[in-house]
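The structure appears right after this line, and notes come after that.
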Amino acid sequence: MYAAILAGGVGTRLWPRSRQGQPKQFADIRGAGRTMIQETVDRLQGLVPGSRVYILTGESYAQLAQEQLPEVPAQQILIEPFGRNTAPAIGLACIHLLRTDPTGVIAILPADHIMLDNEGFRHALHRAGEMAREGYLVTLGVEPTFPHTGYGYIKRGSVIDEHDGLPAYHVERFLEKPNRTIAESFLADGGYYWNGGIFVARVDRMLAEIERQAPEMYARLQRIGAHINAPDAAETLLAEWEKMPSISIDYAVMEHAQRVAVVPLRAGWNDVGSWDALESVVGQG
């Protein structure tokens, strides 16, 4: 398994502790002695070695990433010329991997989330990897603990199978952020998960879905890939990135993808999107 860690955000919701010069993913937000991106790589131990990690970030944060993650090869810190949301960033990682391991499984992870139960996270990620090898696009569905209105939701369908005590389900549909009444009904009904933005897929399957659903993006990624080792690689990346659509992987791919599965995640997940959320996890884990 490989990992693509999305680390391009500026973390404005936790200003001033998270600043443009050092957004929250590069800060020790919890006071745990490790920055959030370091903890993200740490919790992959046993599943993904540092040599198989790719970091997607902006040019202004590339040096921070190199300093904080010496185990990640410098050439695997991939620079986004400017923010274009998650779909192009994920496509960029996949295009790089396509050259060396097209059927490899890649886990796509935000750099600024917290898991209080790392073992539970690894269990779910391993299970997702098994499903991805079978050709599914997999999302980890965070089991909701209250009727949150700030997250999108995933509605599970029928069970695909169960292994090692952890089921995998077909995804019935992805849902927009609900109002309070609808969120309460999701919690009461069961079978709904928070969409935490964690995805696992084979490289070739992810790129095939991008080609099917977002052919313009795919063509630009292909041109970038054809020039990766060329003298004009940086110029080609910039030229194509300027015209790249800004769209999330949810809208671009996942909502209408074929063969989508969800694996429940029970790991004390928190996206630390507010000061209240940060207070709830400081000193834990």
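Coordinate-derived values only; no laboratory data. Note that the structure is predicted; figures quoted are calculated from it, not measured. A quick note on method: Cβ atoms are made from the backbone with ideal geometry, for glycine too, and the neighbour counts reach across all protein chains shown.
Observations on the model:
- Over the residues of the chain, the helix contribution to mean residue ellipticity at 222 nm works out to -10000 deg cm²/dmol, using -39500 (n - 2.57) for each DSSP H run of at least 4.
- Dipole magnitude of the chain about its Cα centre (Cβ charges: Lys, Arg +1; Asp, Glu -1), debye to nearest 20: 160
- Inverse of mean 1/r across different Cα pairs in the stretch 22-89, Kirkwood, Å: 12.6
- The order of MET131, MET1, going from fewest to most other C-beta atoms within 10 Å of their C-beta, is MET1, MET131.
- Among 72-78, 258-264, 84-90, 224-230, the peptide with the highest mean count of other Cβ atoms within 10 Å heads the list, and the full ranking is 84-90, 258-264, 72-78, 224-230.
- Projected-area average for the stretch 66-192 over all orientations - Cα convex hull basis, square nanometres: 10.1
- Signed unit charges on C-beta, dipole axis of the stretch 191-260, positive-most listed residue MET244, ALA230, PRO215: PRO215
- DSSP beta bridge pairing in the chain, given as percent antiparallel to the nearest 5: 55
- One entry in (i) 19.6, 57; (ii) 18.1, 57; (iii) 19.2, 63 is Rg and Dmax of the Cα atoms in Å calculated from the shown coordinates; its label is (ii).
- Computed over the alpha carbons of the stretch 159-238, Rg followed by Dmax gives 19.3, 57 Å.
- Residues with amide H under 5 Å from that of GLY196, placed H, sequence gap 5 or more: VAL142
- Farthest toward positive dipole pole in the stretch 87-150 [+1 Lys/Arg, -1 Asp/Glu at C-beta], among LEU98, ASN118, GLY129: LEU98
- For the stretch 142-285, a/c is not less than 1.5, where a ≥ b ≥ c are the root eigenvalues of the C-alpha gyration tensor, and a/b tops b/c. That puts it in the prolate class.
- Look at the dipole of the stretch 1-156 built from charges on Cβ: of THR149, GLN25, SER60, the Cα furthest out on the positive end belongs to THR149.
- Per principal axis, descending, Cα span of the stretch 51-125 in whole Å: 35, 30, 25
- For a straight C-alpha distance cut-off of 25 angstrom, the lysines reachable from LYS155 (same-chain residues fewer than eight places away being disregarded) are LYS177.
- Working note: Cα atoms of the stretch 1-129, range along each principal axis, descending, whole Å: 42, 34, 24.
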